[in-house]
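Novice: Below is the structure I would like to discuss, written out as structure tokens.
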């Protein structure tokens, strides 16, 4: 290097040093010394606001003590990185505005910091509630007026004679839907078995005591009371017959138009009935029967048939006989109607008529229930 080149470099270095010193001095020198000296000291730190040429200064608040850092009138000098310092601009104080209410003081350390907002917590899913279907009450039905029961007109008592010959003829009568009485003949092949079946069915059973008829050609059958028998013979025969089908509720006569007309013979029969505690039913095969007189002699009560149901096997006549018994019961209170188990259609006719009998107000029962218990069964 030559001496001339050395001097040139030294001058150039000195020039750079001088320029740097000037720039450093200008950077640290306040733009408006007068404004700076007039500004009262504030404990709030100055907020750096970069200024640009021609920009108007920010407006100062009415009270410097209540200013926030963002509204402070102090402006810092340009930074060292600025190539040219901004010219100092004199600021004029703005017109005083009416003082607004003092702002609410924020807690220390919270100035300028927005309040913390809690993030919304996710809602827990609510399990769907079980909803039962709405039950709509059915409209109340109007009260049903029960029809008044028919006025009771009387009691019908059905008695069916001649059981013991066979069991097939007996079955339809055992199935009748109302109480009735079945009379069993003694000394026949099916007398004992018929008596058992009658009791098992719940029907009332009586002894159908055979007696001699006025027509001597008619055989009343085994165990009969015959013409000319003594009182002891009558007692022996009747007791034996009762034992065969016992227990029974009563007895009535089979045929017997001759014997029932004999007052002394009937007194013997009634004495046995009282001895056993059973009733006697006079079938009235003879209009000249002496049974009522014998009963008066013994101070007893006996029962009498009102209607024979099956003197004819014609269906219409059987139904007429039943209606005749209904008229008698309506007048006298009771009507005893006698039929026979060998009547082919009698049981079916009575089943068909039964609803009519009940609807008209007639009750159906048995002699023993009325005589002993005073029971009237529909």
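The values are calculated or read from the model by the stated rules, or taken from the named source; none is laboratory data. Owing to the predicted nature of the structure, the values given are computational and were not obtained by experimental measurement. Positions of Cβ are backbone-derived with ideal geometry, glycine not excepted, and every protein chain shown enters the neighbour counts.
Novice: Among 271, 244, 264, which is in contact (Cβ under 8 Å) with a residue 40 or more places away in the chain and either surrounded by 22 or more Cβ atoms within 10 Å (Cβ to Cβ) or in a helix (DSSP H, G or I) (or both)?
Specialist: Matching residue, one of 271, 244, 264: 244.
Novice: Looking at the stretch 197-219, which of its residues are within 23 Å of residue 173 (Cα to Cα) and surrounded by 13 or more Cβ atoms within 10 Å (Cβ to Cβ)?
Specialist: Across the stretch 197-219, the qualifying residues are 197, 198, 199, 201, 203, 204, 205, 206, 207, 208, 209, 210.
Novice: Oh, and also: Confirm whether residue 253 is outside any helix (DSSP H, G or I), crowded, with 19+ Cβ neighbours inside 10 Å and at pLDDT 95 or above.
Specialist: Working: outside any helix (DSSP H, G or I): yes; crowded, with 19+ Cβ neighbours inside 10 Å: yes; at pLDDT 95 or above: yes.
Yes.
Novice: Okay, moving on. How about the stretch 159-177: which of its residues are under 22 Å from residue 224 (Cα atoms) and under 41 Å from the mean Cα position of the chain (by Cα)?
Specialist: Once the filter is applied, which keeps residues that are under 22 Å from residue 224 (Cα atoms) and under 41 Å from the mean Cα position of the chain (by Cα), the stretch 159-177 yields nothing.
Novice: Exactly one condition in (1) surrounded by fewer than 19 Cβ atoms within 10 Å (Cβ to Cβ); (2) touching a strand residue (DSSP E or B) at 6+ places or on another chain (Cβ under 6 Å) is not met by residue 293; state its number.
Specialist: (2)
Novice: Looking at (1) over 21 Å from residue 186 (Cβ atoms); (2) exposed (fewer than 14 other Cβ atoms within 10 Å of the Cβ); (3) within 60 Å of the chain's Cα centre (by Cα); (4) without any contact (Cβ under 8 Å) to a residue 40 or more places away in the chain, find the lone condition where residue 301 falls short.
Specialist: (4)
Novice: For residues that are more than 21 Å from residue 163 (Cα to Cα), surrounded by fewer than 20 Cβ atoms within 10 Å (Cβ to Cβ) and touching a residue at least 60 places away in the same chain (Cβ under 8 Å), scanning just the stretch 332-357, find the one that is farthest from the chain's Cα centre (by Cα).
Specialist: Quick first cut of the stretch 332-357, residues more than 21 Å from residue 163 (Cα to Cα) only: 332-335, 352-357.
Filter once more, so that each one left must be surrounded by fewer than 20 Cβ atoms within 10 Å (Cβ to Cβ): 332-334, 352-356.
Now restrict to residues that are touching a residue at least 60 places away in the same chain (Cβ under 8 Å): 332-334, 354.
Values: 332: 48, 333: 45, 334: 45, 354: 35 Å.
Filtering the stretch 332-357 for residues that are more than 21 Å from residue 163 (Cα to Cα), surrounded by fewer than 20 Cβ atoms within 10 Å (Cβ to Cβ) and touching a residue at least 60 places away in the same chain (Cβ under 8 Å), the one farthest from the chain's Cα centre (by Cα) comes out as 332.
Novice: Go through the stretch 304-319 and report how many residues are under 21 Å from residue 225 (Cα atoms) and surrounded by 16 or more Cβ atoms within 10 Å (Cβ to Cβ). Step through it out loud before you land on a result.
Specialist: Filtering the stretch 304-319 down to residues under 21 Å from residue 225 (Cα atoms) leaves 304-305.
Subset that is surrounded by 16 or more Cβ atoms within 10 Å (Cβ to Cβ): 305.
Of the residues in that region, 1 qualify.
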